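Peer 1: Below is one structure. I have some questions about it.
The values are calculated or read from the model by the stated rules, or taken from the named source; none is laboratory data. For clarity, every value in this text was computed on a predicted model and none was experimentally measured. As a convention, Cβ positions derive from the backbone with ideal geometry for all residues, glycine included, and neighbour counts pool all protein chains shown. What goes into the accessible areas is simple: the full protein's heavy atoms, side chains included, and nothing from ligands, DNA or RNA. Shrake-Rupley method; radii C 1.70, N 1.55, O 1.52, S 1.80 Å.
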Amino acid sequence: QVQLVESGGGLVQAGGSLRLSCAASGRTFSIVGSGWFRQAPGKERELVALINWSGDNTYYADSVKGRTTISRDNAKNTVYLQMNSLKPEDTAVYYCAATRRFTMATRDSLYDYWGQGTQVTVSS
């Protein structure tokens, strides 16, 4: 099993920045891909960004492309999501996820492990 714990969420003004962290523990050697998803009130969970185990392949949703960077430090078993130029529509609970099976899975159903989520609120 793998446990994921997110941190770094909070309240920020529009135009500001946040860095989310996702610390993994347990059988982390089994992870081949990681992702960040988010869910706003009344909306379905959506993909934000993906990264493979080695960190040399990334993917971003169009809504965050150019404003967001996903990265990882495998020595620390941690995945990061740097978000800049935040907008009110970025307000959501952000979830970290990891998969044992697919390096760049875009569907949330393909992820095996999930964190508890961290709230990001962007005020206008």
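Peer 1: Quick check on my filter: what residues within segment 112-124 are within 19 Å of TRP53 (Cα to Cα) and either open to solvent by 20 Å² or more (accessible area, probe 1.4 Å) or among the aromatic types (Phe, Trp, Tyr) (or both)?
Peer 2: Correct list: ASP112, TYR113, TRP114.
Peer 1: Can you name the strands (runs of 3 or more DSSP E) wholly within segment 1-111 that have at least 2 residues being modelled with pLDDT of 95 or more and surrounded by 16 or more Cβ atoms within 10 Å (Cβ to Cβ)?
Peer 2: Strands (runs of 3 or more DSSP E) meeting the threshold: 2-7, 18-26, 33-39, 46-52, 58-60, 68-73, 78-83, 92-99.
Peer 1: If you check LEU47, LEU81, LEU11, which single one turns out to be touching a helix residue (DSSP H, G or I) at 6+ places or on another chain (Cβ under 8 Å) and of a type outside the set (Ser, Thr, Tyr)?
Peer 2: None of the others qualify; the one that does is LEU47.
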